[in-house]
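Below is one structure, written out as structure tokens; comments come after it.
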Amino acid sequence: MKLITVAGPPSSGKTSMLLRVIDWLKEQGLQAGVVKFDCVASKDDERYRAKDVPVLLGLAGNLCPDHYFVTNIEACVRWGQSLELDILISESAGLCNRCSPFIRHALAVCVIDNLSGANTPTKMGPLLKQADIVAITKGDIVSQAEREVFQYQVRKVNSKAEVLQINGLTGQGKERLGALLKQAQDIDTLEGRKLRFSMPAAVCSYCLGETKIGSDYQMGNVKSIAIPDVPRPEVS
Amino acid sequence: MTDSIESITILGGRSKSGSPEDVNLRLVPGHLVAVVGPTGSGKSRLLADIEYIAQRDTPSGRCILINDQPPAPELRFAWGRKLIAQLSQNMNFVMDATVAEFIAMHAECRDTRFEEAGLANLIDSVVAQANRLTGEPIVSDTPLTALSGGQSRALMIADTAILSDSPIVLIDEIENAGIDRRQALDILVQNQKIVLMATHDPILALLAHSRIILKSGGIADVLRSDEGESELLEELQKADAAIMAVREKLRRGERLGSAAFKIS
């Protein structure tokens, strides 16, 4: 089974795009399933179920979503294997962008949309930088010049990835993405494999559920913001 | 490789109802083609097929050949493919930048390297070209998102004409935006390009060397314009000039007499 990690900001069009690609894969005789990771709520599992795509939904709730992902993905892989899927797609929203749910040797796809602003690619960190494929959506809403500029901004952050323009409504571009997924390498187990990027150094009192504000309540990994000294008025 | 386009060929697929299209249309540089048909007849789909260089893998099942060949995948998908410039129906900019910043960014990503003076010249010439198309002048430090529909469209056309050196130009509806359509077409149809234009405008449609007729998602016919149509075009252009003259007077705030509309 192949494991594909797909990540991108909420509403960037991941699910619409994947539904199209999964259709295409089905035409090629490949059975794909999806694990949808989200924070608070999602109805995307219904969209997959409506098209007979096997789907698991995982809501991180008050846990760090990428921690939740990494502690559960192995079990999800076993689930996919038990269903004898050819491809398991792990789909998650970009979340905090500080880390990314990309795993070494599992094909990593970042989804980003043309409407998100020309500077967004530079703000996305490892989510964009570490992807093997960058799928840019919603190109039909902007002019060609803006598409070119946006793609160029993506390119500046990640020069290695294959960049695709995909239309989740019409499916334009799904064939190329599908072909790339088809070529992804198979994995047997995730045991001992590595994330592409480390999770943020965490564990302060707030990670553990503290809600009160004040230095008395801060413990563990705490970092202070640099604030320049405010010059005091001369006292004569 | 992307510069040496000798032809594009449209091989028919099927209409929305599944009936086959009997089409094998080869277009060469210098050719201006109109795409006509009612709203929903599939004009945008045809342009999208060409833009995607479809290989019987889009809903229409059409196949597009470049120089009589299917394109190599790197030509079809790779970053930096500059074969086709597209002017879409979407009139508004969403990017948070000024007109000048936008032109500079677009120039940079088209791999055009400029000295500072050269870049300033380029910005001036795109803005000047845009201003020839619209009655509401654009200045280069205006935010893109503050441009009107007509201004946005004029800027996009000028940008496409000057910054995109693509040998194939696709235009989806350039009318209805308060811009000079004839002038817009003139600057887009630079020498030796293949231009396809979806249009409802009779003058633009008759200006084309040939026109593709679409019905319910399929290419129903391809007509070459004839002598009779050329004569008709002249008449329509005179009438259009007369309407433009009236529009200009109204815009200047003049009161019009019953003789204000004169076809000369």
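The values are calculated or read from the model by the stated rules, or taken from the named source; none is laboratory data. Not measured: the values here are computed from a predicted model. All Cβ positions, even for glycine, are placed from backbone atoms using ideal geometry, and neighbour counts span all protein chains on display. Accessible surface areas use protein heavy atoms only, side chains included; no ligands, DNA or RNA. Shrake-Rupley method; radii C 1.70, N 1.55, O 1.52, S 1.80 Å.
Under 5 Å between amide H atoms, partner at least 5 residues away or on a different chain: which partners does residue A:35 have, H built in plane at 1.01 Å?
Correct list: A:56, A:89, A:90, A:91.
In whole Hz, what ³J(HN,Hα) sequence does region A:218-234 give by Karplus (6.51, -1.76, 1.60; θ = phi - 60°), x for Gly and Pro?
9, 9, x, 7, 10, 10, 9, 6, 7, 10, x, 4, 7, x, 8, x, 5
Please pull out the direction-averaged projected area of the protein assembly as shown, using the convex hull of its alpha-carbon atoms, in nm² to one decimal place.
Mean projected area for the protein assembly as shown: 34.8 nm², to one decimal.
Using the Karplus curve 6.51 cos²θ - 1.76 cosθ + 1.60 with θ = phi - 60°, what ³J(HN,Hα) values do you get for each residue of region A:190-198, in whole Hz, with x for Gly and Pro?
After applying 6.51 cos²θ - 1.76 cosθ + 1.60, I find 9, 3, x, 6, 10, 5, 6, 8, 6 Hz.
Restricting everything to alpha-carbon atoms, can you work out Rg to Rh for chain A with a Kirkwood hydrodynamic radius?
Working: Rg = 20.3 Å, Rh = 19.2 Å.
Using Cα coordinates only, the ratio equals 1.06.
Please list the non-local residues whose amide H lies under 5 Å from the amide H of residue A:111, H modeled 1.01 Å from N, same-chain partners needing a gap of 5 or more.
Result for residue A:111 returns A:7, A:8, A:135.
Take each of the peptides B:154-161, B:141-148, average the number of other beta-carbon atoms within 10 Å over its residues, and list them starting from the highest.
Values: B:154-161: 25.8, B:141-148: 14.9.
Final packing ranking: B:154-161, B:141-148.
Of the accessible area of the protein assembly as shown, with the probe set at 1.4 angstrom, what percent is carbon plus sulfur?
Carbon and sulfur atoms account for 51 percent of the accessible area of the protein assembly as shown.
Each residue of region A:104-114 in turn: what ³J(HN,Hα) in whole Hz from Karplus with 6.51, -1.76, 1.60 and θ = phi - 60°, glycine and Pro shown as x?
Per residue, the Karplus-derived 3J(HN,Hα) values read 4, 6, 9, 3, 10, 10, 9, 10, 8, 10, 4 Hz.
Chains A and B: how much accessible area gets covered up at their contact, both sides added, probe 1.4 Å, in Å² to the nearest hundred? Working shown, then result.
On the way: alone 13070 and 13570 Å², together 24410 Å².
The summed interface area works out to 2200 Å².
Roughly how many Å² is the accessible area per residue of region A:100-236, as a whole number, for a 1.4 Å probe?
Values: 7640 Å² over 137 residues.
Each residue of region A:100-236 exposes 56 Å² on average to a 1.4 Å probe.
Which pairs, out of A:51/B:82; A:2/A:43; A:129/B:193; A:160/A:223; A:123/A:194; A:14/B:43, put more than 32 Å between their alpha-carbon atoms?
On the way: A:51/B:82 37 Å; A:2/A:43 25 Å; A:129/B:193 37 Å; A:160/A:223 34 Å; A:123/A:194 24 Å; A:14/B:43 28 Å.
Table pairs above 32 Å Cα-Cα are A:51/B:82; A:129/B:193; A:160/A:223.
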